[in-house]
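Undergrad: Dumping the structure here so I can ask a few things about it.
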């Protein structure tokens, strides 16, 4: 069931009820024109929401996946034994893992849920289920604290009166609270600093225009929306003091995957002497990957480019290449802002030191 909401003071993700309850989430594909809440009562709805970007942003995807596991287990019969429970758990986690390939928090959350189930020293299915439900809620709550910590460390980089640029959306809509990149701006504003933010529109799905600009306006932060192709110009004009973006997966050496277009922003920032920062929780690091060349890059439908938002803007039959992410090399990143502190300079040794 979808409930239409008339106000914006609402959580991106919220659980309602006990372990047999449901997950509610804002349908981000409709923002900013319309606010709708999707009530996820089965795992298929959660999968579709992740796949179709109704919920997006690495931390939010991880939270949705954790709750999705709980929803998927609701189909078990009351008399299910341990074997049936574990089979269903594996089935649900494998299914949710197939929704999107790049955001590591998806797999991190699913692996954490499976590991928690394995760690419970009981044969009682009901007890294991309760532990998993508590784990999903813990993942949700932990992200709230992580967002605030990222903001606290990141705002130290922000001077009063400075102007920043960001790409895509890494705010409250992408997380459980303040966001990652936007947490830096929110925390700076909370501390009394006056800042100005340029937001790239972020083609082809306009997350910067639809989501980031909306969030910043809601918070009363001075924001200017620009097309992606304008970022280099505003840097050349001396209008940008720093760049901060989010990330969907970070390799062991600090190479960071983020929404397509981020790499171009980083190259421009380097060329114009503008510091470029990434803000992300430590759960976004994938230390099993040596560098960014190993990060899987999702390719999405040609319709997002040729027929975006229901209006055809390209000729029928044209070939389309639509990678959803690109990878920014560590050498272009001035620092990675995490909930534990700032990694700078960004290299394998400092990443390992921060995460150890």
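The values are calculated or read from the model by the stated rules, or taken from the named source; none is laboratory data. Keep in mind that what you see is a predicted model, and the values were worked out from it rather than measured. Cβ placement follows ideal geometry from the backbone for every residue including glycine, while neighbour counts extend to all protein chains displayed.
Undergrad: Strands (runs of 3 or more DSSP E) wholly in region 13-88 with at least 2 residues that are more than 27 Å from residue 338 (Cα to Cα) and not assigned by TED's automatic domain parsing to the domain that holds residue 259 - which ones?
TA: 22-26, 36-40
Undergrad: Output the residues belonging to region 110-124 that are part of a loop (DSSP other than H, G, I, E, B) and free of Cβ contacts under 8 Å to residues at least 40 places away in the same chain. Full working, then the answer.
TA: Filtering region 110-124 down to residues part of a loop (DSSP other than H, G, I, E, B) leaves 120-124.
If the condition is that a residue be part of a loop (DSSP other than H, G, I, E, B) and free of Cβ contacts under 8 Å to residues at least 40 places away in the same chain, then 120, 121, 122, 124 are the ones that fit.
Undergrad: Could you tell me whether residue 153 is on the phi < 0 side of the Ramachandran plot, in contact with a strand residue (DSSP E or B) (Cβ under 6 Å, 6 or more places away or on another chain), surrounded by fewer than 24 Cβ atoms within 10 Å (Cβ to Cβ) and not in a loop (DSSP other than H, G, I, E, B)? Working first, answer last.
TA: Values: on the phi < 0 side of the Ramachandran plot: yes; in contact with a strand residue (DSSP E or B) (Cβ under 6 Å, 6 or more places away or on another chain): yes; surrounded by fewer than 24 Cβ atoms within 10 Å (Cβ to Cβ): yes; not in a loop (DSSP other than H, G, I, E, B): yes.
In short, yes.
Undergrad: Which is more than 18 Å from residue 103 (Cβ to Cβ) and not in a strand (DSSP E or B), of 283, 290, 301?
TA: Values: 283 fails: more than 18 Å from residue 103 (Cβ to Cβ); 301 fails: more than 18 Å from residue 103 (Cβ to Cβ).
Unique residue meeting the criteria: 290.
Undergrad: Out of (1) touching a helix residue (DSSP H, G or I) at 6+ places or on another chain (Cβ under 7 Å); (2) surrounded by fewer than 22 Cβ atoms within 10 Å (Cβ to Cβ); (3) on the phi > 0 side of the Ramachandran plot, the odd one out for residue 133 is which?
TA: (3)
Undergrad: Name the residues in region 112-124 that are modelled with pLDDT of 95 or more and in contact with a helix residue (DSSP H, G or I) (Cβ under 8 Å, 6 or more places away or on another chain), would you?
TA: 112, 113, 114, 116, 117
Undergrad: Now, a different point. For region 9-28, which positions are farther than 26 Å from residue 127 by Cβ and either touching a helix residue (DSSP H, G or I) at 6+ places or on another chain (Cβ under 6 Å) or modelled with pLDDT of 95 or more (or both)?
TA: As a first pass, look at region 9-28 and keep what is farther than 26 Å from residue 127 by Cβ: 9-12, 24-28.
Result: 12, 24, 25, 26, 27, 28.
Undergrad: If I filter region 97-109 down to residues being crowded, with 19+ Cβ neighbours inside 10 Å and in a helix (DSSP H, G or I), which single residue comes out as modelled with the lowest pLDDT?
TA: Per the stated criteria, the residue is 104.
Undergrad: Report, by residue number, each residue of region 233-271 that is surrounded by 17 or more Cβ atoms within 10 Å (Cβ to Cβ) and more than 18 Å from residue 327 (Cβ to Cβ).
TA: The answer is 234, 235, 240, 241, 242.
Undergrad: Residue 314 - would you say it is touching a helix residue (DSSP H, G or I) at 6+ places or on another chain (Cβ under 6 Å), loosely packed, with under 15 Cβ neighbours inside 10 Å, modelled with pLDDT of 95 or more and outside any strand (DSSP E or B)?
TA: Working: touching a helix residue (DSSP H, G or I) at 6+ places or on another chain (Cβ under 6 Å): yes; loosely packed, with under 15 Cβ neighbours inside 10 Å: yes; modelled with pLDDT of 95 or more: yes; outside any strand (DSSP E or B): yes.
So residue 314 passes the test.
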